[in-house]
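To start, the structure itself, in structure tokens.
The values are calculated or read from the model by the stated rules, or taken from the named source; none is laboratory data. Please read all numbers here as calculations on a predicted model, not as lab measurements. Positions of Cβ are generated from backbone atoms using ideal geometry, with glycine treated the same way; all protein chains shown enter the neighbour counts.
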Amino acid sequence: MKTVLVTGGAGEIGSAICQKFAENGYVVIATYNANREKAERLLRSLPGTEHAVIQAPSTDAQALLELVDFVSEKFGHLNVLVNNAGITTPVAHDDLEGLTDEWIDKIMQTNFRGSFAMVRAMRGLLEQAVSKNQQSEISIQNASLVVNISSIAGIFGIGSNVAYCASKAALDSMTRSLARVLAPKIRVMSVSPGFVEGEYTKNFPKEFLQNQIDHTPMERFATGEDVANAVFALADHLKMSTGGILTVDGGRLLK
């Protein structure tokens, strides 16, 4: 039985990732922060059985311990961890006063520290999946996988605010560092979207969004399904990939 844990699983990107893995035979464990109703709707929509949704903010140490116990007792291992939970708020980059210390701390705690804490908590279960698959030699064919949902903001320095860009750059750096030290049992990759079409894009003026599309060679925004396809490809197909950044941006970085 293959298992995947998706943090922030009830959001637009998270739910698309959960759907993709469930459709391909994985058992999905999705975490949520506060919106239980939304999480339960996700659970009801997933094909297959044994899926679970659990309230476990990645910044809550006790909740992570309880999450580890749940996955360990119910499944005994974890094949894929997707660090998708993240927060931001629109603040113009030149509005230095508008980006408060409180928001800087919240963004870094959730987007970077929370993702690191989740890997730290789940490391044993990810390694256990490898041991179950193959008792002796470890190969790229059975390594577990961590995917950090990043953003081209971490490369480009253009995004909802300066702290958000910094948090995603930190996430990409963490990807490289952990890929080095957790190999060969665990692969670690970043999936880095540009703008993703959905509720969040409604926070921006139409003129701004059109300008972003005009500077995207593929002439459209990514969808949650595009991101989900990239994550699933890393899990089931791109098994020689670790420590890298897979962009899902329609070529936005080229212009």
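Note on the stretch 1-14: residues that are acidic (Asp, Glu) and in a loop (DSSP other than H, G, I, E, B) total 0.
Please verify whether the stretch 58-80 includes one or more residues that are surrounded by fewer than 18 Cβ atoms within 10 Å (Cβ to Cβ) and under 22 Å from ALA169 (Cα atoms). Yes: one or more hits. The number of residues in the stretch 52-85 that are in contact with a Ser or Thr (Cβ under 6 Å, 6 or more places away or on another chain) and within 19 Å of GLU12 (Cβ to Cβ) comes to 4. Consider the stretch 211-255 and keep the residues that are of a type in the set (Val, Ile, Thr), touching a residue at least 60 places away in the same chain (Cβ under 8 Å) and not in a helix (DSSP H, G or I). The one that is surrounded by the most Cβ atoms within 10 Å (Cβ to Cβ) is THR242. Among the residues of the stretch 122-149, the ones that are assigned to a helix (DSSP H, G or I), surrounded by fewer than 17 Cβ atoms within 10 Å (Cβ to Cβ) and modelled with pLDDT under 95 come to 3 in all. Of the residues in the stretch 74-90, at least one is in contact with a Gly (Cβ under 6 Å, 6 or more places away or on another chain) and at pLDDT 95 or above.
Scanning the stretch 185-229 for residues that are under 21 Å from the mean Cα position of the chain (by Cα) and not small (Gly, Ala, Ser) yields a count of 19. When residues in the stretch 1-16 are screened for being charged (D, E, K, R) and more than 14 Å from GLY48 (Cβ to Cβ), 1 of them pass.
The set of residues from the stretch 150-171 being crowded, with 21+ Cβ neighbours inside 10 Å and in contact with a Gly (Cβ under 7 Å, 6 or more places away or on another chain) comprises SER151, ILE152, ALA153, CYS165, LYS168, LEU171.
Across the stretch 176-210, the number of residues qualifying as basic (Lys, Arg), more than 22 Å from PHE21 (Cβ to Cβ) and either touching a residue at least 40 places away in the same chain (Cβ under 8 Å) or surrounded by 15 or more Cβ atoms within 10 Å (Cβ to Cβ) (or both) comes to 2.
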